[in-house]
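The values are calculated or read from the model by the stated rules, or taken from the named source; none is laboratory data. Here the structure is a predicted model, which means the values were calculated and not measured. Note: ideal-geometry Cβ built from the backbone for every residue, glycine included; neighbour counts use all protein chains shown. Protein only, heavy atoms only, side chains kept; ligands, DNA and RNA dropped before computing areas. Shrake-Rupley method; radii C 1.70, N 1.55, O 1.52, S 1.80 Å.
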Amino acid sequence: MSIEAICERQAAGNLKVISVNHFFESSFARKMVPDYYVLADPYFFGKHSARGTNWHDVWEYLSAHPEITVFVPERYDAPADAMPQRLFYFNSLGLEGFSKSIDPTRPRGYLSMTVYSALSLAGFLGFSRILISGIDNTQFRALRLMSDMTVGLASNHFYDGTVKIVRPLTHFPDGVPAFFEDVGRLFKDLHLFRSLPIENLDPETLVDAFPIAEDWVDYSRKIAASDE
């Protein structure tokens, strides 16, 4: 992805950018401010152990950019000292297996993934095209076995740094089969969003739910803004 191409289209008013989770730590965040930010992971609300950064950091970033519209689950609140000016809530109740809903005002029918909630919100906002980048579900490539033969996952996010640490996946007590069953669900649940005008900007993606955007290469270099 070309940050120049994204910024050019965004500045011209032809593109809205939705970011999630640790985007604020990325190199893109130093050059571009998203229009929307989605947080759903309990970590960002002080609900779990640290991941090497302070969970307050994202709220400091959002406070520094009051132009960003922020979406969070209805069960969580932003820190009182870092309340964004434009904060909205979405329904985070999960009815996976019982519902196929992708409406953010209703219980979701898909797995609890922040980026899936972002797709739901993009559909609700009514964009004529929804272009995705980085939704690859390829974390299985980092699967490892721990010394006790339980499953673990090696570092596979940009914010993990250069030191590759294998962390145990304690929520998969049934081991490798359970892990890949979950991966299968991740790919399957994306098919619930096929009614939305979603196109993928990654020509090498493994996600088969959406077509590859015919103009994907235009987002890989700096070009004149178009009308997306």
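Only residues that are in contact (Cβ under 8 Å) with a residue 40 or more places away in the chain and open to solvent by less than 40 Å² (accessible area, probe 1.4 Å): list them for segment 2-13, please.
SER2, ALA5, ILE6, ARG9
Please go through segment 56-115 and give me each residue that is assigned to a strand (DSSP E or B), of a type outside the set (Ser, Thr, Tyr), open to solvent by less than 60 Å² (accessible area, probe 1.4 Å) and closer than 22 Å to PRO34 by Cα, ordered by number.
VAL70, PHE71, VAL72, PRO73, LEU87, PHE90
Would you pick out the residues in segment 193-209 that are crowded, with 18+ Cβ neighbours inside 10 Å and touching a Pro at 6+ places or on another chain (Cβ under 9 Å)?
ILE198, ASN200
In segment 86-127, what count of residues is obtained for those that are closer than 24 Å to ASN200 by Cα, out of contact with any Gly (no Cβ under 7 Å at 6 or more places or on another chain) and not hydrophobic (A, V, I, L, M, F, W, C)?
Number satisfying all stated conditions: 10.
Got at least one residue in segment 137-158 being at pLDDT 85 or above, within 19 Å of ILE18 (Cα to Cα), assigned to a loop (DSSP other than H, G, I, E, B) and under 21 Å from the mean Cα position of the chain (by Cα)?
yes
Can you find a residue that is within 25 Å of LEU15 (Cβ to Cβ) and at pLDDT 85 or above anywhere in segment 183-191?
yes
Tell me which residues, restricted to segment 14-41, are free of Cβ contacts under 8 Å to residues at least 60 places away in the same chain and open to solvent by 40 Å² or more (accessible area, probe 1.4 Å).
SER27, PHE28, ARG30, LYS31, VAL33
Note down all Cβ pairs under 7 Å where the first residue falls in segment 136-160 and is under 22 Å from LEU119 (Cα atoms), the second is modelled with pLDDT under 85 and part of a loop (DSSP other than H, G, I, E, B), and they're at least six residues apart or on different chains.
GLN139/ASN156
Go through (1) aliphatic (A, V, I, L, M); (2) open to solvent by 70 Å² or more (accessible area, probe 1.4 Å); (3) modelled with pLDDT of 90 or more; (4) within 25 Å of GLU25 (Cβ to Cβ) for ALA122 and report which single condition fails.
For ALA122, the exception is condition (2).
Any idea which of PRO197, PRO177 is out of contact with any helix residue (DSSP H, G or I) (no Cβ under 6 Å at 6 or more places or on another chain), more than 30 Å from LYS16 (Cα to Cα) and at pLDDT 90 or above?
After ruling out the rest, the residue left standing is PRO177.
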